[in-house]
Amino acid sequence: MSQKSERRGIHVDQSELLCKKGCGYYGNAAWQGLCSKCWREEYQRARQKQIQEDWALAEKLQREEEAAYASSQGAQSQPSLTPFSKFEEKKTNEKTRKVTTVKKFFSPSSRTAPKKAPCEKVEKVSGARERHGEALLRDLRGMFTQPWEMMSPTEESHEGKTPSPSISRQSSIETDRVSRDFVDFLKNLQKPGREIHKQCRAFIENMANKKDLGADELSECVQDFYQNMSDRLMTHFKGSTERVERVMDQVEKYIMTRLYKNVFCPETTDDEKKDLATQHRIRALHWVTIEMLCVPVDEEIPEVSDNVVKAITDVIEMDSKRVPRDKLACITRCSKHIFNAIKITKNEPASADDFLPTLIYIVLKANPPRLQSNIQYITRFCNPSRLMTGEDGYYFTNLCCAVAFIEKLDAQSLNLSAEDFERYMSGQASPRKQEPELWPQAGPGGGGGSSPGLTQVYQSLDLLTGLEARQERVLEGARGLESDLISWQESVEREVQEILEKYPLEIRTPASAIDSDNVENDRLPPPLQPQVFVG
């Protein structure tokens, strides 16, 4: 079988890792093959269209409400026209306020949160259509209030007087440490640092009150905040990309550490169900070997084995991190260990065709906890510039491809027959359990093409088979010894019984004392007592 056919199920063209829009950035399966920038543009267009449709429906229902109210008031006397005029004026003001709110919603440069309009009392109109219209308008008002818009310093100080429960509750040690590091970092920026800290705290306060939002809405809030903050920093630092990225890294670390418990694997998603499905899938594929995946790694080499262990440790450690950037760093370290293992084995730099199968093998061996949740968390809340370019984005895209390959892995991908694949998946057979005569022989003249690792496994199985036979012989001898001991005990008991019967035991009376019959004992003088003489 040629090398090309061996890799047919694993090979991924590098062009497939890029965005389908052709912008040159890395795409993501969670974004339908688009990069974060193109996906946000598509998402915003779809959302704007949906909002416009909902708004048109709300306006229609409102007009029907007003018509129903006018018809109900027409049957009353003429003096009721003045209150109706006031009602129309209120409706006009309400409509104007909604249009202004919509403009602010679509304005990316808005910096202050819109003021809440006072609640207006509208007379109830009977009928299910009117109640539905009121509910729809109320939902739209809540949707049009942007939770990610910046609060003014006045509002920030006002909110600081009554902190939300998420801020007032006792923080963990890690959260406190990150907060102190963030404040120390911002001290070097002086005045901009104070403004950044205020905006970050205001954003966290707003997010704490938006727990009912879905995962996509939470992601949109965070990404909009990143974009708004990045634009302001770019203006302040006069286009210094390096300084902006350094500040944005600290902002992301501070915000996501505080929001981690609320946004990681939220209950509104099926991330947990996907985690369980992926774990069960990887466990069912425990029988997949290096040869099936065409992995160019020789674990018999100590340095290679160490790099494999480190790669597995790094991808498992990803779940213990809170910040998306730290999770990406774990993936990057894992990938570099993989490249080192391949380079040591082949004595040449690794290629992309070698990297992806090895990454799949590492994921199968590690079975990382909550893999899907971690991938979705990085996708939703990581700084988009990291996922679009650079080595972090490249390695993360390959990890997504590896997980997608594992989910769709079939017999053709592993160069197996459909029957063998089903037997292995069901546990009826294992590729490691072969007949001894079919095993490759160790040494330079045996086996032809088998790896040293498999040869050692087969030799160990031979030794285990011999040990099993020896154990049976030892157990058989032990059972014979036990039988002999029982027979010897019974023979000794018989001999003792025969001796007792032949020579019965006679019990004689004890002999009397010498002076027992002397009646004149009372006449004897008392015994001599020792005396002490003082010289």
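The values are calculated or read from the model by the stated rules, or taken from the named source; none is laboratory data. Here the structure is a predicted model, which is why all the values come from computation and not from measurement. So basically every Cβ, Gly included, is an ideal-geometry build from the backbone, and we count neighbours across all protein chains shown. For accessibility, only protein heavy atoms count, side chains too; no ligands or nucleic acids. Shrake-Rupley method; radii C 1.70, N 1.55, O 1.52, S 1.80 Å.
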Checklist entry - In whole Hz, what ³J(HN,Hα) sequence does the range 57-67 give by Karplus (6.51, -1.76, 1.60; θ = phi - 60°), x for Gly and Pro? => result 5, 5, 5, 5, 5, 5, 5, 5, 4, 5, 5
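So, by mean Cβ neighbours within 10 angstrom, what's the order for 461-470, 181-190, 292-301 with the highest one leading? Spell out each step's value before the answer.
On the way: 461-470: 10.2, 181-190: 14.2, 292-301: 19.7.
Descending packing order for the listed peptides: 292-301, 181-190, 461-470.
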Item to check | Residue-wise HN-Hα coupling along the range 497-504, computed from phi with Karplus coefficients 6.51, -1.76, 1.60 (Hz; x: Gly, Pro) | outcome: 5, 5, 5, 5, 6, 6, 10, x
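Would you please name the trypsin sites (Lys or Arg not before Pro) within the range 227-287 that are DSSP coil residues with at most 14 other C-beta atoms within 10 Å of their C-beta? Don't skip to the end; give the middle numbers.
Details: sites: Arg232, Lys238, Arg243, Arg246, Lys253, Arg258, Lys261, Lys273, Lys274, Arg281, Arg283; in loops: Lys238.
Sites meeting the loop and neighbour criteria: Lys238.
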Item to check | Accessible area in square angstrom per residue, the range 344-426, 1.4 angstrom probe | outcome: 36
Checklist outcome for this item: Length gained if Thr509 through Ser71 is fully extended, taking 0.36 nm per residue and subtracting the Cα-Cα distance, is 144.1 nm
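Want the number for Thr289 to Phe533: 0.36 nm per residue separation, take away the alpha-carbon distance, what's left? Can you show the working numbers first?
Working: separation 244, 0.36 × 244 = 87.84 nm, distance 10.52 nm.
Between Thr289 and Phe533, full extension yields an extra 77.3 nm.
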Checklist outcome for this item: Using a 1.4 Å probe on heavy atoms of the protein chains only, the accessible area for Val457 in Å², nearest 10, reads 70
Checklist entry - Largest first, what is the accessible-area ranking of Trp488, Trp287 with a 1.4 Å probe? => result Trp488, Trp287
Next on the checklist: So the label point goes 7 Å from the Cα of Ile301 along Cα→C-beta, right? Which residues of the range 315-342 then have their backbone N under 11 Å from it?
Outcome noted: 340-342
Checklist entry - So what's the gap between the Cα centers of the range 252-277 and the range 449-491, to the nearest angstrom? => result 53
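When the chain is fully extended, how far beyond the present Cα-Cα distance does Glu53 get from Leu524, taking 0.36 nm per residue of separation?
Stretched out fully, the Glu53 to Leu524 stretch lengthens by 155.6 nm.
Looking at the range 224-272, which chymotrypsin sites (Phe, Trp or Tyr not before Pro) are in a loop (DSSP not H, G, I, E or B) and have at most 12 other Cβ atoms within 10 Å?
Numbers: sites: Phe225, Tyr226, Phe237, Tyr254, Tyr260, Phe264; in loops: Phe237, Phe264.
Of the chymotrypsin sites (Phe, Trp or Tyr not before Pro), not one in the loops of the range 224-272 has a Cβ with at most 12 other Cβ atoms within 10 Å.
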Checklist entry - What spacing in nm lies between the two simple spin-label points modelled at Gln489 and Val183, each 7 Å away from Cα in the Cβ direction? => result 7.8
